[in-house]
Amino acid sequence: MQRGRLAFRAGLRGLISIVYPPVCIACQAATGEAQALCPACWGGIGFIERPYCERLGTPFAVDLGPGLLSPAAIADPPVFTRARAVCRFDGTARELVHRLKYGDRIELSLTLGRMMAQAGRELLGEAEIVAPIPLHRTRLWSRRFNQAAALAGVVARQAKLPLAPNLLARVKRTRQQVGLTRSQRADNLQGAFRVPDAMRPQVEGRRVLLVDDVLTTGATANAAARALLRAGARDVDILTFARVVTDGREGTT
């Protein structure tokens with residue numbers, strides 16, 4: 001019976017691939033499998049690999065040995081413990097994030113989330129619970145879905161970790177962060193997040209992995225991590241698909 005169901009599903013997938021041939025999720029060129037990138041678009045992603053700052057996850061131009069921190073992490077340590085991202089926020093990666101976020105392409109979360117689970121395997125190996133950076137209810141209504149929640153769901157499934165989509169609440173409707181300076185972003189997000197009383201037992205004493213699509217200046221990640229730590233979290237790490245890296249200097253959402 002089980003073999004019969006598997007054979008039926010394989011046949012159905014084959015039929016679908018004939019009717020709807022798989023294409024690249026970025027440029028729509030033909031690919032060998034669904035939900036994949038073609039070689040050209042894959043080559044257009046600036047993957048972030050070691051050597052990088054162990055706190056901020058930003059790449060170093062030269063490998064000076066393990067465990068190094070960047071000047072930015074030393075001068076202005078983040079509230080969260082560590083941040084990791086798949087790639088730089090430019091080129092193909094920027095296009096994919098924009099399609100997911102503003103183009104109602106929620107299916108992209110499957111591929112991006114799988115890539116995140118691979119890039120964040122170090123953090124996931126220590127995490128006890130996964131949660132998304134939440135949207136305020138008015139912004140969620142206008143966008144219809146939270147891209148961070150979609151990504152967090154894929155990451156949690158890949159890592160076989162519990163997902164807590166409501167672990168954190170966005171209680172303040174903030175201005176759009178685009179165009180704001182680092183200090184303006186921090187002021188904008190002051191008091192924006194809160195752990196609901198019903199969620200506190202899931203937070204206390206646990207290592208939380210927060211998921212978002214892009215890490216820009218770190219203001220959103222810091223504000224969210226601060227709310228979790230105040231509610232009793234032991235540690236908070238950040239995992240995103242992309243992060244802003246400019247001229248070798250860190251941008252610490």
Filter result for Phe89 (touching a helix residue (DSSP H, G or I) at 6+ places or on another chain (Cβ under 8 Å), aromatic (Phe, Trp, Tyr) and open to solvent by 10 Å² or more (accessible area, probe 1.4 Å)): yes
Residue pairs meeting the criteria (Cβ under 7 Å; at least 6 apart or on separate chains; first part of a loop (DSSP other than H, G, I, E, B), in segment 144-168; second aliphatic (A, V, I, L, M) and at pLDDT below 95): Phe145/Ile106; Asn146/Leu135; Asn146/Leu140
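Every residue, every condition in (1) within 12 Å of the chain's Cα centre (by Cα); (2) at pLDDT below 95; (3) open to solvent by 70 Å² or more (accessible area, probe 1.4 Å), yes or no:
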| residue | (1), (2), (3) |
| --- | --- |
| His98 | no, yes, yes |
| Gly120 | yes, no, no |
| Thr138 | no, yes, no |
| Ala152 | yes, no, no |
Members of segment 75-96 found to be in a loop (DSSP other than H, G, I, E, B) and at pLDDT 95 or above, listed by number: Pro77, Pro78, Val79, Phe80, Thr81, Phe89, Asp90
Residues that are closer than 14 Å to Ile133 by Cβ and part of a helix (DSSP H, G or I), drawn from segment 207-247: Ala219, Thr220, Ala221, Asn222, Ala223, Ala224, Ala225, Arg226, Ala227, Leu228
Members of segment 214-240 that are crowded, with 21+ Cβ neighbours inside 10 Å and of a type in the set (D, E, K, R): Asp237
Pick from segment 63-86, criterion among the charged types (D, E, K, R) and within 23 Å of Gln147 (Cβ to Cβ), ranking: surrounded by the most Cβ atoms within 10 Å (Cβ to Cβ): Arg84
Which numbered condition Phe47 fails, given (1) more than 15 Å from the chain's Cα centre (by Cα); (2) open to solvent by 50 Å² or more (accessible area, probe 1.4 Å); (3) modelled with pLDDT of 95 or more: (1)
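The values are calculated or read from the model by the stated rules, or taken from the named source; none is laboratory data. These numbers were taken from a predicted model, which means no experiment stands behind them. Cβ: placed from backbone, ideal geometry, glycine included. Neighbour counts: every protein chain shown. When the accessible area is computed, the model is the full protein with side chains, heavy atoms only, and any ligands, DNA or RNA have been set aside. Shrake-Rupley method; radii C 1.70, N 1.55, O 1.52, S 1.80 Å.
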